[in-house]
Amino acid sequence: MSAATTRSRTPDRLCAEAVDLARTAAEEAAAPGVVGEHAGAVAEGDRVVTHYFECKELGYRGWRWAVTVARASRAKLVTLDEVVLLPGSDALLAPEWVPWSERLRPGDMGPGDLLPTEAEDLRLEPGYTGEDGPEPNSPVSEEMEELAEAEDADVTAGTPASLPTVPSRGTIASVAEELGMRRARVLSRYGLHIAADRWEESFGATTPMAQAAPATCVSCGFLTPIGGSLGQAFGVCANEFSPADGRVVSFAYGCGGHSEAAVMPKPPVVAPPVIDETRVDPFPLRPSADSGSVPAAEDETSAELGHS
């Protein structure tokens, strides 16, 4: 071990004693009241010492003010070298920077926000462009182009959006119109797959709600079908009391709001009165002569007493 290395590990006495000089420099660089206690000194080299002070500023837990002082050879005057704020071993560090496109989560967009889409977004692919030769990854594939040629179909000039009228039936433009491809870009196979995986994870067969459901959505009357290839496995829930109301749900999903889970019994119907029309009961308009307690004929006794 050389003599220079030995001397560099031993703090210079005058530089190590310059604590007040180092504190004053740290307080000038920092805000008032954020420089804490002296946390030690480290020799950086011959007659070069760094003093550390605790940082009391909010949000900088574990950071330290580092003030480096030095003196020239054979000089007794200690001078200031630099003042910096450095993180310690247990410092609270900011997380690694992540691009906004990776930080964005569902539900982050609000009214007025614009979300740009990359030109090379894997979820999208070119739609029908109106050209005779579609793009290689376009939904209007080469097979469809060959079919149009075999059927002697016409290809319209320009994009469907620029057509003054509805495309004539039998043209590629009309086929693109019927298939919903009259757009600059459409969902790619990758975009369809990740959408299906996302919907399956949120409202699929493995969710706790579906595991406890009495039946699946495929037999529910509130399931509204959707078009396209995704309609083979998904639909839209139209039950206002379901947790998936207005959401795209898998056919294998289910909840307690299934239309046939607990059908309410019908209220009892009172039977109509039964009238026996085969029998006639006589109802005399006048009482019979022997129905009362007083005889109909008058006698002398009743006449004297005033009875009629």
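Nothing in this text is a laboratory measurement; each read-out follows from the coordinates by a stated rule. All figures in this text were calculated on a predicted structure; none of them were measured in a lab. Note that each Cβ is placed from the backbone with ideal geometry, even for glycine, and that neighbours are counted across all protein chains shown.
What is the calculated FRET efficiency for residue 247 to residue 57, with r their C-beta to C-beta distance and R₀ = 45 Å, to the nearest 0.05?
On the way: r = 47 Å, r/R0 = 1.04.
Efficiency for this residue pair is about 0.45.
Figure the gain on full extension for residue 219 and residue 123 (residue separation times 0.36 nm, minus the Cα-Cα span) and round it to one decimal in nm. Present the calculation step by step, with values, prior to reporting the outcome.
Working: separation 96, 0.36 × 96 = 34.56 nm, distance 3.14 nm.
The span from residue 219 to residue 123 would gain 31.4 nm if fully extended.
If r is the Cβ-Cβ distance from residue 198 to residue 85 and R0 is 51 Å, what FRET efficiency results, to the nearest 0.05?
Working: r = 44 Å, r/R0 = 0.85.
Calculated value: 0.70.
Given H placed on each backbone N at 1.01 Å, which residues far from residue 63 in sequence or on other chains put an amide H within less than 5 Å of it?
Excluding prolines and chain starts, which carry no amide H, the hits are 55, 88, 92.
Of all trypsin sites (Lys or Arg not before Pro) in the stretch 35-119, which ones are in loop regions per DSSP and have a Cβ with at most 12 other Cβ atoms within 10 Å? It would help to have the intermediate numbers written out before the result.
Details: sites: 47, 56, 61, 64, 71, 74, 76, 103; in loops: 47, 56, 61, 71, 74, 76.
Counting only loop positions with at most 12 other Cβ atoms within 10 Å, the trypsin sites (Lys or Arg not before Pro) in the stretch 35-119 are 74, 76.
Quick one: Cα convex hull volume of the stretch 1-116, Å³ per residue? Before the final figure, lay out the partial values.
Working: hull volume 21.8 nm³, N = 116.
Cα convex hull per residue, to the nearest whole number: 188 Å³.
FRET efficiency for residue 212 and residue 190, Cβ-Cβ distance as r, R0 = 30 Å, nearest 0.05? Before the final figure, lay out each step's value.
Working: r = 33 Å, r/R0 = 1.11.
The computed FRET efficiency comes out at 0.35.
If you average the alpha carbon positions of the stretch 226-243 and of the stretch 24-70, how far apart do those two centres end up, in angstrom?
If you average the Cα positions of each part, the centres end up 63 Å apart.
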